[in-house]
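A.B. asks: What follows is a structure written as structure tokens; I'll ask about it next.
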Amino acid sequence: MEKTVLSVSQALALVNQTLEYAFPVLVIEGEVSSFKTNQNKYVFFDVKDDGASLGCFMTIWQLRMPVEDGMKVRVVAQPKLTQWGKFSLTVREILPVGEGSLKRSFEMLKAKLDKEGLFDPARKRALPQLPHKIGLIASVESAGYVDFLTILSARWGGMEIDVAHVQVQGSSAPSQIIRAIEYFNGMSAPPEILVIVRGGGSLEDLAVFNDEPLTRAVAASRVPTLVGIGHEIDTSLVDLVADRRAATPSNAAQILVPDRREILSELGQKSERLTDRLSERVEFARQELDEFPRRAIERLSSQTELLKRSLQQQKRLLEQLSPKAVMQRGYALIRSETGDLVRGSKMTKVKKGDQLQIETDQAILKVGVNDVRHK
Amino acid sequence: MSDTSKKTLQSQLSELDELLAWFEQDDFDVEAALGKYEDGMKLIGEISDRLKHVENKVEVLKKRFDQDV
């Protein structure tokens, strides 16, 4: 069979075409080595195992979590020959794999963001007390979404909740969540709070919430953020930069709004308290009224006592001044024969020979005047 | 009583707490108390209604987030 004669470029293109056709995508796990960046734009490294090694190329913006030599990573890449015939993998996605590498990558990124001040408590804003408009970012198919809305609606009403449906797992998740965050922030009337929820997942799934661009998007959101991404053990970077972190989607609902059932119960108690206080007061007033006759009588009788005593005093005075009392002390009344009292100026008319009556306390004497001497 | 819809729930709850504080005094006028009691009960009724009968409005946005605009 005759083979077509090709130029070098054509041969290269043909091989690349075949590669693209046969292996549009390869998913490869291996260890990173010879990692280097160029002009802060391009990234070169090798993935290797014990037997072999392949060169990789990507741009720095595709690096969603830090990677360094020695880390185990999973790359999603397209194989091709470079212009110079070098076999290279053009990386579309790359993430650390395995607990060790994930943890290491997480620590690297955490240190970097911490240094930039993204975890500073002073950055955190308070959540609105009774939000009217909420932006919810979640997968509508997930249990976390259902849990959050169920608990929220049991607790509180009257709110408007706009839901951005996104993937919360897998490599496309971070970009989708970023778009949702930017969409809500760009609304002419943005919600008062953004809530991002996800039910629990594996450690690999957590990588979504340690994604650098997503973490930065949450930190940069002008609308305050509340995240409830449901993993018990570890804190993700999104947890660290959000304004508030909840342990689970249900917990997020509890943090966000009060429980109207509690308030209704309190209202019942307050109603009882008001009634009790009013009854007490009315009862007290009624008792005061009942007391009134008794008190009035008490007052009257004490006044009567005073009057009595006063009268007694006056009686004693009068008694002392009465003629009888005076006569008992030895004085006598002098009357004329007709019985008229002789005293004062009448005394000057008394002359020798007059008949007088002398009344003492014991007897009445009829006497004649022998001699008169005026003082 | 002024129009409920104009007052926020917060202000209604504050108003109720002020009334309760008034009733906690040792000595308050019975006449005034009767009026305030009525106000308090009415307020409690309004707040209860407000809490019990209001639902949330949930809307899933039609916008897709799985591709760049």
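The values are calculated or read from the model by the stated rules, or taken from the named source; none is laboratory data. For clarity, every value in this text was computed on a predicted model and none was experimentally measured. Counting neighbours? That spans all protein chains shown, and the Cβs are built from the backbone with ideal geometry, glycine included. Side chains included, ligands, DNA and RNA excluded: accessible areas come from the protein's heavy atoms. Shrake-Rupley method; radii C 1.70, N 1.55, O 1.52, S 1.80 Å.
A.B. asks: Along the Cα-to-Cβ line of residue A:108, 7 Å from the Cα, sits a label point; which residues in segment A:39-67 have backbone N less than 14 Å from it?
C.D. replies: Flagged as within label range: A:43-47, A:60-67.
A.B. asks: Give me the net charge of residue A:49's neighbourhood, meaning all other residues with Cβ under 14 Å from the Cβ of residue A:49; Lys, Arg count +1, Asp, Glu -1.
C.D. replies: Values: positive: A:48, A:72, A:74; negative: A:29, A:31, A:46, A:50.
Neighbour charge sum, excluding residue A:49 itself: -1.
A.B. asks: Continuing with this model, one more query. Per-residue accessible area for residue A:27 at 1.4 Å probe radius, Å² rounded to 10?
C.D. replies: 100 Å²
A.B. asks: For chain A, what does -39500 (n - 2.57) per DSSP helix run (n ≥ 4), summed and divided by total residues, give at 222 nm, in deg cm²/dmol to the nearest 500?
C.D. replies: Working: 10 runs with 153 residues, N = 375.
Computed mean residue ellipticity for chain A: -13500 deg cm²/dmol.
A.B. asks: Give me the accessible area of residue B:23, 1.4 Å probe, in Å² rounded to the nearest 10.
C.D. replies: Residue B:23 has an accessible surface of roughly 0 Å² with all protein chains in place.
A.B. asks: Next up: How about segment A:277-351: which trypsin sites (Lys or Arg not before Pro) there are in a DSSP loop, with at most 14 other Cβ atoms within 10 Å of their Cβ? Can you show the working numbers first?
C.D. replies: Details: sites: A:277, A:281, A:286, A:294, A:295, A:299, A:308, A:309, A:315, A:316, A:324, A:329, A:335, A:343, A:346, A:349, A:351; in loops: A:329, A:343, A:351.
For trypsin sites (Lys or Arg not before Pro) across segment A:277-351 that sit outside H, G, I, E and B with at most 14 neighbouring Cβ atoms in 10 Å, the list reads A:329, A:343, A:351.
A.B. asks: When a/c is below 1.5 the answer is rounded, else prolate if a/b is larger than b/c, else oblate, so apply that to segment A:207-262 with a ≥ b ≥ c taken from the square roots of the Cα gyration tensor eigenvalues. Present the calculation step by step, with values, prior to reporting the outcome.
C.D. replies: Working: a/c = 3.62, a/b = 1.60, b/c = 2.25.
Judged from the Cα gyration tensor, segment A:207-262 comes out oblate (a/c at least 1.5, b/c at or above a/b).
A.B. asks: If exposed means no more than 11 neighbouring beta carbons inside 10 Å and the site is in a DSSP loop, what's the longest run of chain A without any exposed GluC sites (Glu not before Pro)? Display every interim value, and only then the final one.
C.D. replies: Values: sites that count: A:2, A:116, A:141, A:232, A:337.
My reading of the result: A:3-115 is the longest stretch.
A.B. asks: Would you list A:58, A:108 from the most to the least accessible area, probe 1.4 Å? Working shown, then result.
C.D. replies: Details: A:58 5, A:108 50 Å².
Putting A:58, A:108 in descending order of accessible area: A:108, A:58.
A.B. asks: Report the Cα centroid-to-centroid distance between segment A:173-233 and segment A:267-322 in angstrom, as an integer.
C.D. replies: Each part reduced to its Cα centre gives a spacing of 76 Å.
A.B. asks: Then there is this: In segment A:159-235, which trypsin sites (Lys or Arg not before Pro) are in a loop and have at most 13 other Cβ atoms within 10 Å, using DSSP for the loop call? Please list the in-between numbers first.
C.D. replies: Numbers: sites: A:179, A:198, A:216, A:222; in loops: A:198, A:222.
Listed in order of number, the matching sites are A:222.
A.B. asks: In terms of solvent-accessible area of protein heavy atoms at a 1.4 angstrom probe, what is the ranking of A:19, A:226, A:6, A:300, highest value first? Kindly include the intermediate steps, with their values, before the conclusion.
C.D. replies: Working: A:19 30, A:226 0, A:6 80, A:300 105 Å².
The ranking, largest first, comes out as A:300, A:6, A:19, A:226.
A.B. asks: Would segment A:111-257 count as rounded, prolate or oblate if I go by the C-alpha gyration tensor, calling it rounded below 1.5 in a/c and otherwise prolate when a/b exceeds b/c, oblate otherwise? Show your work: numbers first, answer last.
C.D. replies: On the way: a/c = 1.43, a/b = 1.20, b/c = 1.19.
It is rounded, given that a/c, with a ≥ b ≥ c, falls under 1.5.
A.B. asks: Grab the other residues whose beta carbon is less than 13 angstrom from that of residue A:354, score K and R as +1, D and E as -1, and report the net. Write out the running numbers ahead of the final one.
C.D. replies: Details: positive: A:335, A:346, A:349, A:351, A:352, A:366; negative: A:337, A:340, A:371.
Around residue A:354, the surrounding residues sum to +3.
A.B. asks: Over 21 Å between Cα atoms, which of A:41/A:103; A:36/A:72; A:349/A:375; A:103/A:124; A:133/B:52; A:270/B:36 qualify?
C.D. replies: A:41/A:103; A:103/A:124
A.B. asks: How large is ³J(HN,Hα) for each residue in segment A:67-80, as worked out from phi by the Karplus curve 6.51 cos²θ - 1.76 cosθ + 1.60 (θ = phi - 60°), to whole Hz, x for Gly and Pro?
C.D. replies: The phi angles translate into 9, 8, 4, x, 6, 8, 10, 10, 10, 10, 9, 10, x, 7 Hz.
A.B. asks: For residue A:328 and residue A:13 in one chain, what is 0.36 nm times their gap in residues minus the Cα-Cα distance, to one decimal in nm? Numbers along the way, then the final one.
C.D. replies: Values: separation 315, 0.36 × 315 = 113.40 nm, distance 16.25 nm.
Full extension from residue A:328 to residue A:13 adds 97.2 nm.
A.B. asks: So what's the gap between the Cα centers of segment A:48-96 and segment A:325-375, to the nearest angstrom?
C.D. replies: Value for the Cα centre distance between the two parts: 157 Å.
A.B. asks: Next question. Name the long-range amide H neighbours of residue A:56: under 5 Å, sequence gap of 5 or more, or other chain; modelled H, no Pro or chain starts.
C.D. replies: Here A:45, A:46, A:47, A:89 satisfy the definition.
A.B. asks: First select every other residue whose beta carbon is under 12 angstrom from the beta carbon of residue A:368; then total the charges, Lys and Arg +1, Asp and Glu -1. Spell out each step's value before the answer.
C.D. replies: Numbers: positive: A:351, A:352, A:366; negative: A:337, A:354, A:371.
Once positives and negatives cancel, what remains is 0.
A.B. asks: Count neighbours as other Cβ atoms within 10 Å of each site's Cβ, and list the trypsin sites (Lys or Arg not before Pro) in segment B:17-69 that are DSSP loop with at most 13 such neighbours.
C.D. replies: Taking segment B:17-69 and a limit of 13 other Cβ atoms within 10 Å, the loop trypsin sites (Lys or Arg not before Pro) found are B:62, B:63, B:64.
A.B. asks: Okay, next question. Compute the Cα gyration tensor for segment A:43-88, then decide on rounded, prolate or oblate, letting a ≥ b ≥ c be the square roots of its eigenvalues: rounded whenever a/c is under 1.5, prolate when a/b is larger than b/c in the other cases, and oblate in all that remain.
C.D. replies: oblate
A.B. asks: Can you tell me the relative contact order of chain A? Whole percent, Cα pairs under 8 Å, sequence separation 6 or more. Numbers along the way, then the final one.
C.D. replies: On the way: 570 pairs, mean separation 38.0, N = 375.
In percent, rounded to a whole number, it is 10.
A.B. asks: Could you put A:156, B:22, A:61 in order of accessible surface area, largest first, with the 1.4 Å probe and the full protein assembly present? Let's see the in-between values first.
C.D. replies: Numbers: A:156 20, B:22 60, A:61 165 Å².
Final ranking, largest accessible area leading: A:61, B:22, A:156.
A.B. asks: So, one more: Return the distance in nm (one decimal) between the two label points of a simple spin-label model at residue A:222 and residue A:337, each offset 7 Å from Cα along Cα→Cβ.
C.D. replies: 13.8 nm
A.B. asks: For a label point 7 angstrom out from the Cα of residue A:205 toward its Cβ, which stretches of segment A:133-152 have the backbone nitrogen within less than 15 Å?
C.D. replies: Backbone N within reach: A:138-148.
A.B. asks: Follow-up. Let me cross-check residue A:301: its accessible surface, 1.4 Å probe, with only protein heavy atoms counted, in Å² to the nearest 10?
C.D. replies: Counting only protein heavy atoms, the figure is 60 Å².
A.B. asks: While we're on this one: Calculate the translational D of chain A in whole µm² s⁻¹ from Stokes-Einstein, where the hydrodynamic radius comes from the Kirkwood formula applied to all Cα pairs, the temperature is 25 °C and the viscosity 0.890 mPa s. Please list the in-between numbers first.
C.D. replies: Details: Rh = 30.5 Å.
Roughly 80 µm²/s, to the nearest whole number.
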